[in-house]
Amino acid sequence: MKIAMFTDTFIPNINGIVTSILNSSEALAKRDHKIYIFTAKPKQKEYITKDLSNNISVFYHRRIKIVNYPDFQLAMPGFIDTITKIKKIKPDIIHIHTPSFLGWSALLAAKIFKIPVVGTYHTLLPEFTEYLPLLRFNKNLAKKLIWNYTKKFYNLCDVITTPSTAMKKELINNNIKKPIHFLSNGVDINKFHPIKIKKNKNTIIHVGRIGYEKSIDVLLKAFKELLNINRNAKLVIAGNGPDLEKLKSFSKELEINKNVKFLGSVNHSKLPFLYCSAEIFVTASTIETEGLVVLEAMACGLSIIGVNSMAIPNIVKNNKNGFISKPGDYKIMAKNINRLLNNKELNHKFSDNSLKLVQNYSLTSVIDKLERLYSSFN
């Protein structure tokens, strides 16, 4: 099949959407599908696409910045150019990953050439109003406007996928009428798996974007509580984002900075070793549509500490492969972390359960389902 994918974010950017698209594109290409990716031109003069499979082609559009977030850009497509390329490629499916100007150009081309459209809802957009200068002063109004926009866009797709049942319910509750399929982003369990390296004792890890929406301040508060009962605990935070310096300052304010290590961006190829060097993965995020880093950590055999919000309870089963607490309850989170650090047998049990549960989210299984979805239009 020929599949045209539209996404404003792609390599060399590093985020969950990019990882998902890259994983699925490479897997589909290995199955002899032809993938055409339409995206925004990155800042770098040399684009890191040389390692992509031969069956993957990338088309760049002019980049614009209207969102106050580092390394995030929107593509400003030439609508005629997009239509011309789609006419030449003649894709069997158009798959839209971001509901943007680029997405609208894809919808227009699909309508003209009568091509089926799959739209994936990756991100809980109403929770990102802080990055929209014109909307952040009235968050309730902003969220309403964003949901109205989301409804109009995705109701023009033929079918919608979203990576968790929690997000599927959210879309239905906000009047998305088109068929919605739960389809995990999937985790490559051939890449993310337990590695026999020395564990850093009493070390917990967080991986992901460093932004206010991830509630890392709650994690730091929990870690301060943890140090009151476990002076040997260490926290490693991997990732980059607009709140990095702010959170470094906050850790100093809490007087925990000597036990907290901010790594910044970490090459994706090194993540399995990073996960496996820790004992527990922790997230306080309340906005996860799936939590790809959580799945990666589970595939590496880590127990998980999370909160009862959005998709996290779908993959972290309380008292089975981790502990779930109320959002923002950093004191209970600290107790849960300490319970696992002090009970090696329980931590080992949760680790084994993580490895079993993550099999349901293997990339191979996800690509099988995606192929069936694409083929259903033929």
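A short reminder: the numbers here are calculations on the coordinates, not readings from a lab. Because the structure is predicted, anything quoted here is derived from the model rather than measured. Neighbour counts run over all protein chains shown; Cβ positions are idealised from the backbone, glycine included.
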Neighbourhood charge, 12 Å Cβ-Cβ cut-off, centred on V207 and excluding it, Lys, Arg +1 and Asp, Glu -1: +2
Distant-in-sequence amide H partners of M5 (H built 1.01 Å from N, under 5 Å): Y36, I37, F38, H95
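With the cut-off at 1.5 for a/c, could you classify the stretch 203-361 from its C-alpha gyration tensor as rounded, prolate or oblate?
On the way: a/c = 1.43, a/b = 1.23, b/c = 1.16.
Taking the square roots of the gyration eigenvalues as a ≥ b ≥ c, the stretch 203-361 is rounded.
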Reachable aspartates and glutamates, given that their alpha-carbon falls under 18 Å from the alpha-carbon of K65 and they are not under 8 places away in the same chain: D8, E130
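V236: net charge of surrounding residues, Cβ under 13 Å, Lys/Arg +1, Asp/Glu -1, itself excluded?
On the way: positive: K199, K201, K234, K261, K270; negative: E279.
So the environment of V236 carries a net charge of +4.
Ranking K234, K335, K252 by Cβ neighbours within 10 Å, fewest first, what do you get? Before the final figure, lay out each step's value.
On the way: K234 19, K335 16, K252 12.
Exposure proxy ranking, most exposed first: K252, K335, K234.
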Only Lys, Arg (+1) and Asp, Glu (-1) charged, at Cβ; the chain dipole about Cα centre in debye: 100
Low-density loop positions, GluC sites (Glu not before Pro), the stretch 218-318 - DSSP coil, at most 16 other Cβ in 10 Å: E255
K143/N257 FRET efficiency (R0 30 Å; Cβ-Cβ; nearest 0.05): 0.30
DSSP-assigned coil residues among chymotrypsin sites (Phe, Trp or Tyr not before Pro) in the stretch 281-378, each with at most 13 further Cβ atoms within 10 Å: none
Degrees between helix 101-113 axis and first principal axis of the chain (Cα, 0 to 90, nearest 10): 40
L292, L254 arranged by Cβ crowding within 10 Å, fewest neighbours leading: L254, L292
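Counting other C-beta atoms within 10 Å, which of C157, C276 has the fewest, and how do the rest follow?
Working: C157 26, C276 20.
So the ranking, lowest neighbour count to highest, is C276, C157.
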Cubic angstrom per residue, convex hull over Cα atoms of the stretch 251-311: 115
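What is the sum of charges, Lys and Arg at +1 and Asp and Glu at -1, for the other residues whose Cβ falls under 13 Å from the Cβ of K178? Please report the intermediate quantities before stating the final value.
On the way: positive: K151, K152, K168, K177; negative: D158.
Charge balance near K178 sits at +3.
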Per-residue HN-Hα couplings for the stretch 202-214 [Karplus 6.51, -1.76, 1.60; θ = phi - 60°; Hz; x = Gly/Pro]: 6, 9, 10, 9, 10, 10, x, 5, 9, x, 4, 5, 8
